[in-house]
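A short write-up of the structure that comes next.
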Amino acid sequence: MKTQTLDVLVVGAGAAGMMCAIEAGRRGRSVRVVDHASKPGEKIRISGGGRCNFTNTGTSVANFLGENPRFAASALGRYTQGDFVKRVERAGIAWHEKTLGQLFCDDSAKQIIRMLTDDMRAAGVVLSLGVGVDRVERVGDGFEAALSDGSVVRCASLVVATGGKSIPKMGATGWGYDLARQWGLRVTETRPALVPLTFEPGLLEKTAPLSGLAVDAVVSAGKTTFEEAMLFTHRGLSGPAILQISSYWREGEAITVKMAPGVDVLGRLKAAKNENGGKQAVHTALGHIVPRRLAEVLTAREGANGKLAEVGDKMLARLDQAVNAWTVKPVGSEGYRTAEVTLGGVATDQLDQTTMETKTVPGLYFIGEVVDVTGWLGGYNFQWAWSSGWAAGQAC
């Protein structure tokens, strides 16, 4: 059996793992990255519609969830979004800013992957794809890992960058959590995040005619509110506003939706009623405020058929509520199958915030999505990957 001895073994060739490997390699460490996938950076490749929303200009700890979101402050402050933008520019990758500070490649997400693999190669990092880890044991002050290709690696530092459970068709598993528990580390509850929400059959029947319709909306769960686009689907609700709120929503709770935010719907309908003797159809008047298809569904649901002159102000007030105070209780989410990230993970009180090393097992590091640090939609999770990977790469 072939045994290889090196300084650092990184498990996971995603954003965080590759970033860490580059930084460690540049410090002169001998580094090998293994991943059971056949290609590196698959989440990078599919993100942002294939153009990779690689960071956000407004990144701060306020954009992250977890038991202790402040944990991320050290890494985010030492390797910032500006630092990664400079790296992208040095690689000659053109980029543009979309709404809300989101930065994307002009061309392809593959450019980011190529930048990282080129940097790994230049730093002397060995990348082994299609290779998993069968077992890991403590040997002396380091680790011994038996790999699926039959080889054994002995290393001083072991970095776990395996991500969460989201998008299992790409090979995502809970391996990183299992390894953490093997070493007695606490793992917080994990659940799908940045994920569409689903309705029960009765409600779905009522919203089915709206499938494919998008509106700008304000969506709230508890005290948390997001204002972005919302999409009706054949399963329930999706779109950026829903993906954002899904990280805060819990089963059994309702969400509240404004589908014409900032608009006095009641006032507009009353004004329309006073024009032309109220001869305009209710759904037509409402269709000047929200998309016609939505107006037709809401007026039918509330029984507000006919002309404006034929309905009282109480009915108009009900339509106002239906548009800007729609309270609905999803029954669940589409799960890890479509979730962009996993909420929860290795508890941050088990890790050193400066180095990402575990406090109880010297030489063992956890970075990226496997840690209980989860960002909003919009490039924040990639920035956490770059920052946490960079931090560990300075120390491992």
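The values are calculated or read from the model by the stated rules, or taken from the named source; none is laboratory data. From a predicted model like this one, the values you see are computed outputs, not experimental measurements. Every residue, glycine as well, gets a Cβ built from its backbone with ideal geometry; the counts of neighbours run over all protein chains shown. Accessible surface is based on the protein model in full, side chains and every heavy atom, while ligands, DNA and RNA are left aside. Shrake-Rupley method; radii C 1.70, N 1.55, O 1.52, S 1.80 Å.
Annotation: per residue accessible area for the chain equals 41 Å², rounded to a whole number [probe 1.4 Å, protein chains only].
Starting from one equal scatterer on each C-alpha and no solvent at all, send me the Debye-based log10 I(q)/I(0) for the chain at q = 0.09, 0.12 Å⁻¹, two decimals. Computed log10 I(q)/I(0) values: -0.59, -0.89.
Rounded to 0.05, the FRET efficiency of the Lys329 and Thr354 pair, given R0 = 56 Å and the Cβ-Cβ distance, is 0.85. Counting only protein heavy atoms and using a 1.4 Å probe, what share of the accessible area of the range 128-183 belongs to carbon plus sulfur, as a whole percent? Here it works out to 47 percent. In this structure the amide hydrogen of Ala229, modeled in the peptide plane, comes within under 5 Å of the amide hydrogens of Ala217, Ala241, none closer than 5 places in sequence on its chain.
Placing pseudo-labels 7 Å out from each Cα toward the beta carbon at His96 and Ser60 gives an inter-label distance of 2.8 nm. Mind grabbing the accessible area of Leu316 for me, 1.4 Å probe, Å², rounded to tens? Accessible surface of Leu316 is approximately 0 Å².
The phi-based Karplus calculation (6.51 cos²θ - 1.76 cosθ + 1.60; θ = phi - 60°) puts the 3J(HN,Hα) values of the range 332-347 at x, 10, 6, x, 4, 4, 10, 4, 6, 9, 10, 7, x, x, 4, 4 Hz, whole numbers, x for Gly and Pro.
The 3J(HN,Hα) values that the Karplus relation (6.51, -1.76, 1.60; θ = phi - 60°) gives for the range 364-372 are, in residue order, 9, 10, 10, 9, x, 5, 5, 8, 6 Hz. Gly and Pro appear as x. Residues whose amide H lies under 5 Å from that of Val33, counting only those 5 or more places away or on a different chain, are Val10, Val126, Leu127, Ser128; hydrogens are built 1.01 Å from N in the peptide plane. Each 5 Å bin from 0 upward holds the following percent of the Cα-Cα pairs of the range 120-275: 2, 7, 11, 13, 12, 10, 9, 8, 8, 8, 5, 3, 2, 1, 1, 1, 0. Amide H to amide H distances under 5 Å link Leu364 with Leu158, Thr358, where only residues 5 or more positions off or on other chains count and H is placed in the peptide plane. Taking the Cα centre of the chain as origin and assigning +1 to Lys and Arg Cβ atoms and -1 to Asp and Glu Cβ atoms, the resulting dipole is close to 440 debye.
Sort the range 218-323 into rounded, prolate or oblate with this rule: let a ≥ b ≥ c be the square roots of the eigenvalues of the Cα gyration tensor; rounded if a/c is under 1.5, and if a/c is not under 1.5, prolate when a/b is larger than b/c, oblate otherwise.
Judged from the Cα gyration tensor, the range 218-323 comes out prolate (a/c at least 1.5, a/b above b/c).
Taking other residues whose beta carbon is less than 12 angstrom from the beta carbon of Phe382, and scoring Lys, Arg as +1 and Asp, Glu as -1, yields -1. Computed over Cα pairs, the Kirkwood radius of the range 289-396 leads via Stokes-Einstein (1.567 mPa s, 4 °C) to a diffusion coefficient of 71 µm² per second.
On a 30 Å Cα-Cα criterion, which of the cross-link pairs Lys206/Lys279; Lys169/Lys206; Lys206/Lys273; Lys98/Lys206; Lys258/Lys314 come out too long? Violating the 30 Å limit, Cα to Cα: Lys169/Lys206; Lys98/Lys206.
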